[in-house]
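Right, one structure below, let's go through it.
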Amino acid sequence: MKAPQKPSTVGERLNAAATALASVGETPRLDAEILMAHALGWTRAQLFARLGETPNSPQFDALMERRLAYEPIAYILGEWEFFSMTLKCRAPILVPRPETEHLVEAVLEVVETHPGSRILEIGTGSGCVAVALAAHAPDAHVVATDINPQALSLARHNAEYQMVEKTH
């Protein structure tokens, strides 16, 4: 008879996951941490503080399968941070990229010297650029458009969500 296998600790599972994810992306350890924290409903800080624990996390295996199939983490989580805002994400709409934050910063520099600016974003996707500009340049008039109705729906949701978050 085989002895029952001891459950893996959070730290052991993270190490194994990072090894498995090494061929999938440039940040395998970070990806593993984000997925594990999400599966457990913890922050990454809580994850680090509890590396020796052996919590039950069956959802983690399902999340790992999706990432190992090259699905972006933002799609797996259903959200992503952009310009200090949490935005909803879903396929096939492109995931907000860190490089795009530089675009927002450049536009904000121009808008700062031109109060009442009018901004038009064509091909808004998730709405990340338009929402960030509207949030950080309240005197500007921002219009976002897209040919894809799914993108417009997502952008509208993100804009409305940020408006609600701003008032709370």
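The values are calculated or read from the model by the stated rules, or taken from the named source; none is laboratory data. Since the structure is predicted, the reported quantities are computational estimates derived from the model, not experimental observations. Cβ coordinates were reconstructed from backbone atoms using ideal geometry, including for glycine residues, and neighbour counts include every protein chain displayed. We work out accessible area using only protein heavy atoms, side chains counted, and drop any ligands, DNA or RNA first. Shrake-Rupley method; radii C 1.70, N 1.55, O 1.52, S 1.80 Å.
Filter segment 134-151 for residues that are more than 12 Å from ILE122 (Cβ to Cβ) and either basic (Lys, Arg) or within 20 Å of the chain's Cα centre (by Cα) (or both) and give the result.
ALA134, ALA135, HIS136, GLN150
Being without any contact (Cβ under 8 Å) to a residue 60 or more places away in the chain, under 28 Å from HIS38 (Cβ atoms) and surrounded by 12 or more Cβ atoms within 10 Å (Cβ to Cβ) narrows it down to one residue among TYR75, TYR161; which is it?
Numbers: TYR161 fails: without any contact (Cβ under 8 Å) to a residue 60 or more places away in the chain.
None of the others qualify; the one that does is TYR75.
Considering each residue of segment 119-133, count those that are under 15 Å from the mean Cα position of the chain (by Cα) and not aliphatic (A, V, I, L, M), and give that number.
Adding up the residues that qualify gives 4.
ALA130: at pLDDT 95 or above and touching a helix residue (DSSP H, G or I) at 6+ places or on another chain (Cβ under 9 Å), yes or no?
For ALA130, the condition - at pLDDT 95 or above and touching a helix residue (DSSP H, G or I) at 6+ places or on another chain (Cβ under 9 Å) - is met.
Among the residues in segment 96-117, are any surrounded by 14 or more Cβ atoms within 10 Å (Cβ to Cβ), touching a Ser or Thr at 6+ places or on another chain (Cβ under 8 Å) and modelled with pLDDT of 95 or more?
Residues of segment 96-117 surrounded by 14 or more Cβ atoms within 10 Å (Cβ to Cβ): 96, 100-101, 103-104, 107-108, 111, 117.
Now restrict to residues that are touching a Ser or Thr at 6+ places or on another chain (Cβ under 8 Å): 96, 111.
After this cut, where a residue has to be modelled with pLDDT of 95 or more as well, the list is 111.
Checking segment 96-117: at least one residue is surrounded by 14 or more Cβ atoms within 10 Å (Cβ to Cβ), touching a Ser or Thr at 6+ places or on another chain (Cβ under 8 Å) and modelled with pLDDT of 95 or more.
Just to be sure, is ALA62 on the phi < 0 side of the Ramachandran plot, over 17 Å from the mean Cα position of the chain (by Cα), of a type in the set (Gly, Ala, Ser) and open to solvent by less than 30 Å² (accessible area, probe 1.4 Å)?
On the way: on the phi < 0 side of the Ramachandran plot: yes; over 17 Å from the mean Cα position of the chain (by Cα): yes; of a type in the set (Gly, Ala, Ser): yes; open to solvent by less than 30 Å² (accessible area, probe 1.4 Å): no.
It is false that ALA62 is on the phi < 0 side of the Ramachandran plot, over 17 Å from the mean Cα position of the chain (by Cα), of a type in the set (Gly, Ala, Ser) and open to solvent by less than 30 Å² (accessible area, probe 1.4 Å).
In segment 55-107, what residues are among the polar types (S, T, N, Q) and under 28 Å from GLY11 (Cβ atoms)? Please lay out each step first, then the result.
First pass over segment 55-107, keeping only residues among the polar types (S, T, N, Q): 56-57, 59, 84, 86, 100.
ASN56, SER57, GLN59, THR86 - these are the residues of segment 55-107 that are among the polar types (S, T, N, Q) and under 28 Å from GLY11 (Cβ atoms).
Can you tell which of LEU21, LEU87 is in contact (Cβ under 8 Å) with a residue 40 or more places away in the chain, within 21 Å of ASP146 (Cβ to Cβ), surrounded by 14 or more Cβ atoms within 10 Å (Cβ to Cβ) and touching a Pro at 6+ places or on another chain (Cβ under 9 Å)?
Values: LEU21 fails: within 21 Å of ASP146 (Cβ to Cβ).
It is LEU87.
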